[in-house]
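What follows is one structure encoded as structure tokens, with my remarks underneath.
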Amino acid sequence: MLILTRKLNESIMIGDQIEISIVDIRGDQVKLGIQAPKNIKVYRQEVYRAIQKENIEAVKSKPELIFSLDNLLDKSTGAQSTKMSKPKNGKTGDKQKK
């Protein structure tokens, strides 16, 4: 982990396109300003972890949707998938608790 010291109104750059500025400091709280391209998603860590947890739970609850999504993406791009194909029995092969 890189640790940097910055003062109010100072910034750091990540690559050429992301700038993180110290906007305000009050007590033990620091406000950051982040300038990044719109295609870069920026989340607080706790929000990012919650999103990841929800995505994992969604896949666990309906694993057959992965195959449907893969097929849909193949049709839209016209590409042949090199990914897993759906087994004939319709199960993903993962052992599930009963």
Rough spin-label spacing in nm, given labels placed 7 Å along Cα→Cβ, for K75 and Q17: 3.2
Karplus 3J(HN,Hα) series, Hz, for the range 45-53 with 6.51 cos²θ - 1.76 cosθ + 1.60 (x for Gly, Pro): 4, 5, 6, 4, 5, 5, 5, 4, 4
Whole-number D in µm² s⁻¹ for the range 9-48, Kirkwood Cα-pair radius fed into Stokes-Einstein, 25 °C, 0.890 mPa s: 217
Spatially proximal aspartates and glutamates relative to K7 (Cα-Cα < 18 Å; intrachain offsets below 8 disregarded): E19, D24, D28
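Read the figures in this text as sums done on the coordinates, not as results from a lab. Everything quoted here is computed from the prediction, not taken from an experiment. All Cβ positions, even for glycine, are placed from backbone atoms using ideal geometry, and neighbour counts span all protein chains on display.
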